[in-house]
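The values are calculated or read from the model by the stated rules, or taken from the named source; none is laboratory data. Because the structure is predicted, anything quoted here is derived from the model rather than measured. Positions of Cβ are backbone-derived with ideal geometry, glycine not excepted, and every protein chain shown enters the neighbour counts.
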Amino acid sequence: MELHFSVPVSIEPMETAIRLSLKVHPGSSRRKIEVREDSVHLYTTSKPIEGKANNDARDMLAGYFHVPRKCVVLFRGEHSRQKIFQIEGSADELLCNLEPETCKALKKHVREV
C-alpha cells in the first residue's frame, strides 16, 4: 500500500509579499504547476542537484505570478520537497494575475492576518 501526502495550500499574506507552501516534484517528465483543491504541486524536469530544481521552481513561480525572478525567494525547504516560497507583491495583486478558476481556488487558502 502506497501512501501519498499532500502539502496543504497555505498563502500567508504579509505587508509586501505572500508566502506560498507547495510540494515540488523534481525530475518530472514535464514542467507544470498544478493547483488542486487542497494543495499546490510544482513539477520540474530539473534534478535536485546543486539547487537546480529549486532554481527552476523559482523561475516557474515567477512566470506563473507574472513577477520578476528576483521577487521570488525560497523561504524554507531548500533540501525538502515541501517548500515555502516568498513572492513579493500583495495577495490581491498576485492572485489577480492568474486564471479566474485558479484565483478562486487559491483565494480561499489565504490566511487572515
> Of everything in segment 48-61 that's assigned to a loop (DSSP other than H, G, I, E, B) and not β-branched (Val, Ile, Thr), which residue is surrounded by the most Cβ atoms within 10 Å (Cβ to Cβ)?
Replying inline: Pro48
> Which one is surrounded by the most Cβ atoms within 10 Å (Cβ to Cβ) among residues in segment 62-74 that are part of a helix (DSSP H, G or I) and in contact with a helix residue (DSSP H, G or I) (Cβ under 7 Å, 6 or more places away or on another chain)?
Replying inline: Phe65
>> Restricting to segment 75-113, give me the number of residues that are aliphatic (A, V, I, L, M), in contact with a Leu (Cβ under 8 Å, 6 or more places away or on another chain) and in a helix (DSSP H, G or I).
In response: 2
>> Is it the case, given these coordinates, that Arg36 is at pLDDT below 80 and basic (Lys, Arg)?
In response: no
> With Leu74, Leu22, Leu98 as the choices, which residue is touching a residue at least 40 places away in the same chain (Cβ under 8 Å) and hydrophobic (A, V, I, L, M, F, W, C)?
Replying inline: Leu22
>> If I ask for residues that are surrounded by 16 or more Cβ atoms within 10 Å (Cβ to Cβ), more than 9 Å from the chain's Cα centre (by Cα) and farther than 17 Å from Cys103 by Cβ, which ones from segment 32-47 would you list?
In response: Tyr43, Thr44, Ser46
